[in-house]
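All remarks here apply to the structure that follows.
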Amino acid sequence: MPDPGGLLGIRPVADDQWAIVAWLWQAFRHDLALIVNGLPYADGRYQAAPLAQFPSPDGAGYLAWRAHPRTGEDAPVGFALIDGLTGDHRSVAGFWVAPAVRGEGVGRQLAVEALSRHDGPWSIGFQHDNLAAGRFWRGIADIAFGPGQWSEEQRPVPGKPQVPPDHFIKSGVSVQQPAGGAVTEQDPDQPAEQFRRDRHEHGGAPAHPDDDRLARLTEEERVAAGLDDYDPDEVPPATDAPPEWDVTQTEVYQEERAEIRREFDKDELQIEGERDPLPPTHYDR
């Protein structure tokens with residue numbers, strides 16, 4: 001079985017992969033809906049107007065890929081969209097990581113890699129009420145730009161005086177890729193000389209965070225994402241021996257048992273050897 005925490009690849013979005021970004025964008029806007037009070041439109045989709053500027057000379061996109069635990073084939077686990085490439089500063093137009101891999105450092109690797117592909121200055125915005133995003137991007141700023149090398153300011157939301165101001169992290173410092181970071185792969189349209197030069201410039205050891213700091217930021221990301229209820233370094237270890245594990249008491253077991261009972265009651269259980277009325281798909285294996 002493929003390792004769910006396996007090697008991560010971060011690559012520029014290919015011309016035929018923007019449809020993938022459009023699907024993931026809906027997950028991104030779904031996650032953001034509670035913050036911005038967003039609802040789907042009549043066609044069942046959240047607003048996607050910012051995607052219209054991609055790809056273009058002013059915007060670039062990156063996908064994070066990892067082997068899917070069921071199929072083994074590369075599947076996207078996150079994306080980053082950068083705009084302002086032809087303007088006076090760069091910004092992050094969209095950033096999302098699949099919930100199942102949050103807290104594993106995927107977001108940190110994707111963010112630092114995407115920022116390292118473009119020169120500053122940078123202006124990275126997030127909503128006032130998006131506390132998790134604030135913690136995440138402040139941590140990324142320390143890694144990418146260095147402590148004391150960035151500032152944060154608040155700006156009113158245009159046309160919405162009743163909404164709290166947005167926050168913006170600003171820095172003109174060049175970004176360095178941390179050692180042991182993401183595995184980057186060459187863009188097919190990028191000259192080999194340029195790729196090697198980028199890797200040399202951004203692949204060295206960082207001047208700022210050490211391994212302990214990166215581990216700490218990862219744990220804070222897990223807590224912020226709701227994967228951990230607390231930081232294990234901040235509480236004493238338990239004194240009682242852990243109870244024996246009983247699979248019948250797990251949530252997954254109980255859900256599967258309830259589903260089997262429901263299908264049995266509705267005569268929906270398929271008998272082995274009978275033909276399935278629906279065409280098969282290899283993703284159902």
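Could you give the nm distance between label points at His128 and Arg155, where each point is 7 Å from its Cα heading toward the beta carbon?
1.6 nm
Please compute the contact order of the stretch 19-115 in relative form: average sequence separation of alpha-carbon pairs under 8 Å and at least six residues apart, divided by the residue count, as a percent. List each step's numbers first, then the result.
On the way: 120 pairs, mean separation 19.6, N = 97.
Value for the stretch 19-115: 20 percent.
Evaluate the charge dipole of the stretch 46-179 about its Cα centre and quote only its size in Debye, nearest 20, assuming +1 on the Cβ of each Lys and Arg and -1 on the Cβ of each Asp and Glu.
The dipole magnitude comes to about 260 debye.
Within a Cβ distance under 12 Å of Pro165, other residues only, what is the Lys/Arg minus Asp/Glu net charge? Could the numbers behind the result be given before it?
On the way: positive: Arg155, Lys160; negative: Asp129, Glu152, Glu153, Asp166.
That sum, taken over residues with Cβ under 12 Å, equals -2.
Take the alpha carbon gyration tensor of the stretch 1-77, find the square roots of its eigenvalues, order them as a ≥ b ≥ c, and report rounded if a/c is under 1.5; if not, report prolate when a/b exceeds b/c, else oblate. Provide the component values of the computation, followed by the final result.
Values: a/c = 2.44, a/b = 1.44, b/c = 1.69.
Taking the square roots of the gyration eigenvalues as a ≥ b ≥ c, the stretch 1-77 is oblate.
Just to verify a number: FRET efficiency for Arg262 and Ala100, C-beta to C-beta distance, R0 = 22 Å, to 0.05?
Working: r = 25 Å, r/R0 = 1.15.
After rounding to 0.05, the efficiency reads 0.30.
When Lys and Arg each count +1 and Asp and Glu each count -1, what net charge do the other residues less than 15 Å away from Ala27, Cβ to Cβ, add up to? List each step's numbers first, then the result.
Working: positive: Arg29, Arg45, Arg102; negative: Asp31.
Summing Lys/Arg as +1 and Asp/Glu as -1 gives +2.
Name the residue from Ala33, Ala22, Leu81 whose Cα lies farthest towards the positive end of the charge dipole of the stretch 16-174, charges +1 on Cβ of Lys and Arg and -1 on Cβ of Asp and Glu.
Ala33
Among His167, His68, rank each residue by its count of other Cβ atoms within 10 Å, from fewest to most, as a rough exposure measure.
On the way: His167 19, His68 15.
The fewest-first ordering by Cβ neighbours comes to His68, His167.
Sort the stretch 95-165 into rounded, prolate or oblate with this rule: let a ≥ b ≥ c be the square roots of the eigenvalues of the Cα gyration tensor; rounded if a/c is under 1.5, and if a/c is not under 1.5, prolate when a/b is larger than b/c, oblate otherwise.
Numbers: a/c = 2.08, a/b = 1.33, b/c = 1.56.
Note, shape of the stretch 95-165 comes out oblate.
Once label points are set 7 Å from the Cα along Cα→Cβ at both Glu73 and Arg138, what is their separation, rounded to one decimal in nm?
4.3 nm
On alpha-carbon atoms, Rg over Rh for the stretch 66-134 using Kirkwood Rh?
Result for the stretch 66-134 is an Rg/Rh of 1.03.
Each value in this text was obtained by applying a stated rule to the coordinates, not by laboratory testing. This structure is a prediction, so every number in the text was calculated from the model and none was measured. Note that each Cβ is placed from the backbone with ideal geometry, even for glycine, and that neighbours are counted across all protein chains shown.
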